[in-house]
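Peer 1: Below: one structure in structure tokens.
The values are calculated or read from the model by the stated rules, or taken from the named source; none is laboratory data. Predicted model, so just to flag it, every value in this text is computed and none were measured. The protein model used for the area step is the full one, side chains on, heavy atoms only, and it has no ligands, DNA or RNA in it. Shrake-Rupley method; radii C 1.70, N 1.55, O 1.52, S 1.80 Å.
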Amino acid sequence: MSPEDTQRMVLLETLRLAVPLHMVELEPLAPEHRTEIASRCASVLGSHGDALQFGGKHCAEAFNALARGLAAAALTAPGGVDALGGHWCADPWCRASSRFDHADDEPAANDQPPTVPAQRPFADVIRDLADYLNTTGDAA
């Protein structure tokens, strides 16, 4: 696996943890307020998004803006949002693989239950995150 693939995987796994936490916090807010939050987060990412890829003093700020912006958008946009292969939605039981899966009102034609991808062991995610932080110099 290339360093870029590892970096993307670690980012996705940490977003899978952080976005739902932000969603819990933002859920009681009015949609207009969540839209404003998403807009502010987009501004932060526009200014410091490169820190997510290359590290630096704005890396944590950029990550939090990404997670919070995705959470605000997921709660506001019909069908939720997709990013980096992840899907976040206002429906806590949603198992759609993307927002486009919400377009179907009819259940699937087959009798098989939808497959839910297995979660990676927590220790593997933490190890990959530690490896990533050690290679970018942001471990402190």
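Peer 1: In whole Å, what are the extents of the chain along the principal axes defined by its C-alpha atoms, from largest to smallest?
Peer 2: Result, largest extent first: 49, 37, 21 Å.
Peer 1: Run the helix sum for the chain: -39,500 (n - 2.57) per DSSP H stretch of 4+ residues, divided by residue count, reported at 222 nm to the nearest 500 deg cm²/dmol.
Peer 2: -19000 deg cm²/dmol
Peer 1: Using heavy-atom solvent-accessible surface (probe 1.4 Å) with all chains present, what is the largest-first order of V44, V10?
Peer 2: Per-residue accessible area, sorted high to low, gives V44, V10.
Peer 1: Quick one: Karplus J couplings for segment 94-101, per residue in order, coefficients 6.51, -1.76, 1.60, θ = phi - 60°, nearest Hz, x for Gly and Pro?
Peer 2: For segment 94-101, the Karplus-derived couplings read 4, 10, 5, 7, 7, 5, 6, 5 Hz, x marking Gly and Pro.
Peer 1: Next question. Relative to 2.2 N^0.38 Å, what does the C-alpha radius of gyration of segment 54-94 come to as a ratio? Two decimals please.
Peer 2: 1.33
Peer 1: Tell me whether segment 28-96 comes out rounded, prolate or oblate; compute the Cα gyration tensor, take square roots of the eigenvalues as a ≥ b ≥ c, and use a/c under 1.5 as the rounded threshold.
Peer 2: Because a/c hits 1.5 or more and a/b fails to exceed b/c, segment 28-96 counts as oblate.
Peer 1: Tell me, what is the percent relative contact order of the chain, built from C-alpha pairs under 8 Å that lie six or more residues apart?
Peer 2: RCO, the chain: 25 percent.
Peer 1: Let me ask something else about it. What ranking of S2, S97 comes out by heavy-atom accessible area, probe 1.4 Å, highest first?
Peer 2: Sorted descending by solvent-accessible area, the residues read S97, S2.
Peer 1: So, one more: Whenever you get a sec, line up D101, D124 from highest to lowest accessible area (probe 1.4 Å, protein heavy atoms).
Peer 2: The most accessible residue leads, giving D101, D124.
Peer 1: Another question about this same structure. Pairs of alpha-carbon atoms within less than 8 angstrom and 6+ residues apart define the contacts here; what relative contact order does segment 26-79 have, in percent?
Peer 2: Here the relative contact order equals 47 percent.
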